[in-house]
Amino acid sequence: MRRKLIAILLAIFLTPASAALAAPATWNPPANLVTPLNQVWQHQEQTYNNGNLYGFRNYGWDQIMANRGYINYCVRWDSTATVTAAQRDQIHAAVTRQYKKWTDELVGHNAWPYGDVPVKVVGWAVRNRSQLQWTDTSVDIYVNDIRENAPQCSAPCGRFFQQNGQYPSCPGGYARHYDQSLWLTDGFGGGAGGDWGQRMGREYFMNNINAADMTILLHEIGHTWGLDDFYDWTPSGVSSFIMKAGSSASITEFDAWMFRDWWRHLKSRYGY
């Protein structure tokens, strides 16, 4: 009996961290959310059943799995304002906090393999180098590379442009590639999000940089994962959730279960 107990304890302590975090492949949403969750997934399949739903390979899921557990960002500073080193670090911290609010909802669910998904800001794009008030080399800096009338991070280093996951022309190689852009634009109202990253007003972001919930960023990160908008319909029995713009300032239980439902449907393509 003692030998058996020792064997069990050794198995627990020697189990890799990722395996220990991975929960059994179960699906157990609250009973009151089963119907609206089914409605959402059916709507997605019917609306995006032209190959974009399952065939698309650059969701946030694809990016994290390609990196084996982290996300790299590049900041598109679409502004005339200057940025101090302290502000640069605050922006990095804010993105990290908001991204973690989503990924924490997966921990312990349905064999999700990561307990934490680090976010790294590896680059900045700006019109004039003098706007960035630091001299260290902690991030790559791209100057006056204009795309969509805004500073653009290097295309050879961007996953949106290199969706095969290879970066042979990126000066820093794979370690300095970026998966998503944080595009901060002077005077921009509302937000936008997709596989390329998230865009919102520079003023909004900086004014809310220490907020517990940066609502627009959270909503747009949801789109990067594949979550839909709900402008023209609402699932049965739910009315307030962050992906229904204007109805919630933070991620709700329903948002979390929609998010987990995406993982449930797509995880097999990553071998889970």
**Request:** Could you grab the pairs with beta carbons closer than 7 Å, sequence gap of 6+ or different chains, first residue in region 144-170 and over 20 Å from Phe188 (Cβ atoms), second one in a helix (DSSP H, G or I) and of a type in the set (D, E, K, R)?
**Result:** Cys157/Arg176; Cys170/Arg176
**Complete:** Log entry, pairs with first residue in region 183-198 being without any contact (Cβ under 8 Å) to a residue 40 or more places away in the chain, second being of a type in the set (Lys, Arg), beta carbons closer than 6 Å, six or more apart or on different chains, reads Ala192/Arg199
**Request:** Filter region 102-119 down to residues that are of a type in the set (Val, Ile, Thr) and not in a loop (DSSP other than H, G, I, E, B) and give me whichever is farthest from Phe241 (Cα to Cα).
**Result:** Val119
**Prompt:** Taking region 42-77 as the region of interest, how many residues are out of contact with any Ser or Thr (no Cβ under 9 Å at 6 or more places or on another chain), surrounded by 13 or more Cβ atoms within 10 Å (Cβ to Cβ) and part of a helix (DSSP H, G or I)?
**Reply:** 7
**Asked** Which condition does Asp136 not pass, out of (1) in a strand (DSSP E or B); (2) over 30 Å from Ser268 (Cα atoms); (3) not β-branched (Val, Ile, Thr), if it passes all the others?
**Response** (1)
**Request:** All but one of (1) loosely packed, with under 15 Cβ neighbours inside 10 Å; (2) farther than 19 Å from Val95 by Cα hold for Asn207, so report the exception by its number.
**Result:** (2)
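Hey, among Tyr73, Tyr59, Tyr114, Tyr99, which residue is among the hydroxyl-bearing types (Ser, Thr, Tyr), more than 24 Å from Glu253 (Cα to Cα) and modelled with pLDDT of 95 or more? Before the answer, list the steps.
Numbers: Tyr59 fails: more than 24 Å from Glu253 (Cα to Cα); Tyr114 fails: more than 24 Å from Glu253 (Cα to Cα); Tyr99 fails: more than 24 Å from Glu253 (Cα to Cα).
Being among the hydroxyl-bearing types (Ser, Thr, Tyr), more than 24 Å from Glu253 (Cα to Cα) and modelled with pLDDT of 95 or more holds for just one of Tyr73, Tyr59, Tyr114, Tyr99, which is Tyr73.
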**Item:** Number of positions in region 83-96 that are in a helix (DSSP H, G or I) and touching a helix residue (DSSP H, G or I) at 6+ places or on another chain (Cβ under 8 Å)
**Value:** 4
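Looking at this structure, is Thr80 in contact (Cβ under 8 Å) with a residue 60 or more places away in the chain, outside any loop (DSSP other than H, G, I, E, B) and hydroxyl-bearing (Ser, Thr, Tyr)? Give the steps one after another, and end with the answer.
On the way: in contact (Cβ under 8 Å) with a residue 60 or more places away in the chain: yes; outside any loop (DSSP other than H, G, I, E, B): no; hydroxyl-bearing (Ser, Thr, Tyr): yes.
Here the answer is no, as Thr80 does not meet what is asked.
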**Fill in**
The condition of being crowded, with 22+ Cβ neighbours inside 10 Å, closer than 19 Å to Lys100 by Cβ and in contact with a Leu (Cβ under 8 Å, 6 or more places away or on another chain) holds, among Gly222, Gly197, only for Gly197
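So which residues in region 98-120 are among the basic types (Lys, Arg), touching a residue at least 24 places away in the same chain (Cβ under 8 Å) and touching a strand residue (DSSP E or B) at 6+ places or on another chain (Cβ under 9 Å)? Let's see the steps before the verdict.
Start the filter on region 98-120 by keeping residues that are among the basic types (Lys, Arg), which leaves 100-101, 120.
Now restrict to residues that are touching a residue at least 24 places away in the same chain (Cβ under 8 Å): 101, 120.
Lys120 - this is the single residue of region 98-120 that is among the basic types (Lys, Arg), touching a residue at least 24 places away in the same chain (Cβ under 8 Å) and touching a strand residue (DSSP E or B) at 6+ places or on another chain (Cβ under 9 Å).
Residue-wise test of (1) within 22 Å of His92 (Cβ to Cβ); (2) surrounded by 15 or more Cβ atoms within 10 Å (Cβ to Cβ); (3) at pLDDT 95 or above; (4) under 20 Å from the mean Cα position of the chain (by Cα).
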position	(1), (2), (3), (4)
Val143	yes, no, yes, no
Asn149	no, no, yes, no
Cys153	yes, yes, yes, yes
Gly158	yes, yes, yes, yes
Gln163	no, yes, no, yes
Tyr167	yes, yes, yes, no
Gly173	yes, no, no, no
Asp179	yes, yes, yes, yes
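The values are calculated or read from the model by the stated rules, or taken from the named source; none is laboratory data. No experiment lies behind these values; they were computed from the predicted model shown. Backbone-built Cβ (ideal geometry, glycine too); neighbour counts: all protein chains shown.
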